[in-house]
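K.L.:
Pasting a structure below so you can have a look.
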Amino acid sequence: MRFRFLSLIFLLLYFFNSCSNGTETNNLSDVDNFKFILYDGLNVSNINAISRNLEDNYKRITGHLEVREMPKVTVKIWADYNNFLNNMENDIGIRYTGATGYVYGPTELRLYFNNQVSESAVHEFAHLVSMQVNSTVANNPRWLWEAVALYETGQFVNPSSLPYMVSGNFPTLNELNTDYNSSNHSIYSVGYVLLEYLIDKWGMDSVINLIKNNGSIAGVLGITTQEFEYGWHEFVQVKYLK
């Protein structure tokens, strides 16, 4: 009896200390393919739409990228943006200010809870599926890494709404490979149509092979980077800018 009483005191103290430092954590184990860990006072009611969106897109994305087995994914979500960034810096050694999601290893995605969090969750999940195809593909190359996730999430931006595209000033793949903190983030505007061109010209198999070969255009498509860029420009101009 005395042992049970002390154990109860220990549990109460643990709960009090966890809440007093401003980080409340809830583990949800009843979601088929995802385990959620919530911070900063978030609870189950906050993540119903996120969970549903991830599950609804799970088979489609794994099917597109031909991933037959996917380990259970941990989803960590913060309600406080400073806490989100602080954990990012503590764990990966850098702050990507402005980012609202990232992956941490091959089976964990991390999110900031905002109005676009359900979409961000699918985007980051697509990154994790890409890593199941090739564990070294994360930002290697960055243009392909982001283009696949943008396309699979349906994050389409019409090129006719982008003045630099309308004027014919298309970004190069080298420019799209620039690190997040150093870039103008144009990959997020053009990545969807970049992958759309790839699929239209060479099919989804080419996308998977490019992931497997870290974006080697010469090795997979048999053309130069400049030829690829020219073909993409022509595709966009014909489909969206005429």
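The values are calculated or read from the model by the stated rules, or taken from the named source; none is laboratory data. Keep in mind it's a predicted model, so treat the numbers as computed, not measured. So basically every Cβ, Gly included, is an ideal-geometry build from the backbone, and we count neighbours across all protein chains shown.
K.L.:
Scanning region 98-124 for residues that are among the polar types (S, T, N, Q) and part of a loop (DSSP other than H, G, I, E, B), which turns out nearest to the chain's Cα centre (by Cα)?
P.N.:
T100
K.L.:
Residue pairs, Cβ under 8 Å, 6 or more apart or interchain, first in region 109-126 and over 19 Å from N43 (Cα atoms), second of a type in the set (K, R) and modelled with pLDDT of 95 or more. List them.
P.N.:
E124/R110
K.L.:
Given the structure, is T62 outside the structural domain of T178 (by TED's automatic domain parsing), within 23 Å of L198 (Cα to Cα) and more than 13 Å from the chain's Cα centre (by Cα)? Give the derivation first.
P.N.:
Numbers: outside the structural domain of T178 (by TED's automatic domain parsing): yes; within 23 Å of L198 (Cα to Cα): yes; more than 13 Å from the chain's Cα centre (by Cα): yes.
For T62, the condition - outside the structural domain of T178 (by TED's automatic domain parsing), within 23 Å of L198 (Cα to Cα) and more than 13 Å from the chain's Cα centre (by Cα) - is met.
K.L.:
While we're here: Name the one entry in S120, S167, S182 that is farther than 19 Å from F235 by Cβ and surrounded by fewer than 16 Cβ atoms within 10 Å (Cβ to Cβ).
P.N.:
S182
K.L.:
Sticking with this structure for a sec: For region 161-197, enumerate the residues that are β-branched (V, I, T), part of a helix (DSSP H, G or I) and over 22 Å from A126 (Cβ atoms).
P.N.:
Passing the criteria: only V166.
K.L.:
From the set of residues in region 180-212 that are of a type in the set (S, T, Y) and touching a helix residue (DSSP H, G or I) at 6+ places or on another chain (Cβ under 9 Å), which is nearest to T97 (Cα to Cα)? Full working, then the answer.
P.N.:
Going through region 180-212, the residues of a type in the set (S, T, Y) turn out to be 180, 182-183, 186, 188-189, 192, 197, 206.
Next, from what is left, pick out any that are touching a helix residue (DSSP H, G or I) at 6+ places or on another chain (Cβ under 9 Å): 180, 183, 186, 188-189, 192, 197, 206.
On the way: Y180: 9, S183: 12, S186: 16, Y188: 15, S189: 18, Y192: 23, Y197: 30, S206: 33 Å.
Once the filter is applied, the top-ranked residue is Y180.
K.L.:
On to the next question. Take region 85-118 and flag every residue that is charged (D, E, K, R) and over 15 Å from V73 (Cα atoms).
P.N.:
Answer for region 85-118, where residues must be charged (D, E, K, R) and over 15 Å from V73 (Cα atoms): E89, D91, R95.
K.L.:
Tell me yes or no: at least one residue of region 85-97 is in contact with a strand residue (DSSP E or B) (Cβ under 7 Å, 6 or more places away or on another chain), of a type in the set (K, R) and either over 22 Å from N184 (Cα atoms) or not in a strand (DSSP E or B) (or both).
P.N.:
no
K.L.:
Run down E89, E108 and say which single residue is surrounded by 16 or more Cβ atoms within 10 Å (Cβ to Cβ), on the phi < 0 side of the Ramachandran plot and of a type in the set (D, E, K, R). Before the answer, list the steps.
P.N.:
Values: E89 fails: surrounded by 16 or more Cβ atoms within 10 Å (Cβ to Cβ).
Unique residue meeting the criteria: E108.
K.L.:
Follow-up question, since we're still on this one. Pairs, please: C-beta under 7 Å, at least 6 apart or cross-chain, first residue of a type in the set (G, A, S) and in region 60-79, second buried (at least 16 other Cβ atoms within 10 Å of the Cβ)?
P.N.:
A79/Y39; A79/D40; A79/L42; A79/F113
K.L.:
Residue by residue through region 100-115, note down the ones that are over 22 Å from N48 (Cα atoms) and either of a type in the set (K, R) or out of contact with any strand residue (DSSP E or B) (no Cβ under 6 Å at 6 or more places or on another chain) (or both).
P.N.:
G105, P106
K.L.:
Next up: Give region 215-231 a look and list any residue that's touching a helix residue (DSSP H, G or I) at 6+ places or on another chain (Cβ under 8 Å) and either small (G, A, S) or not in a helix (DSSP H, G or I) (or both), or say none.
P.N.:
Residues of region 215-231 touching a helix residue (DSSP H, G or I) at 6+ places or on another chain (Cβ under 8 Å): 215-218, 220-221, 223-225, 228-229, 231.
Those that are touching a helix residue (DSSP H, G or I) at 6+ places or on another chain (Cβ under 8 Å) and either small (G, A, S) or not in a helix (DSSP H, G or I) (or both): G215, S216, A218, I223, T224, G231.
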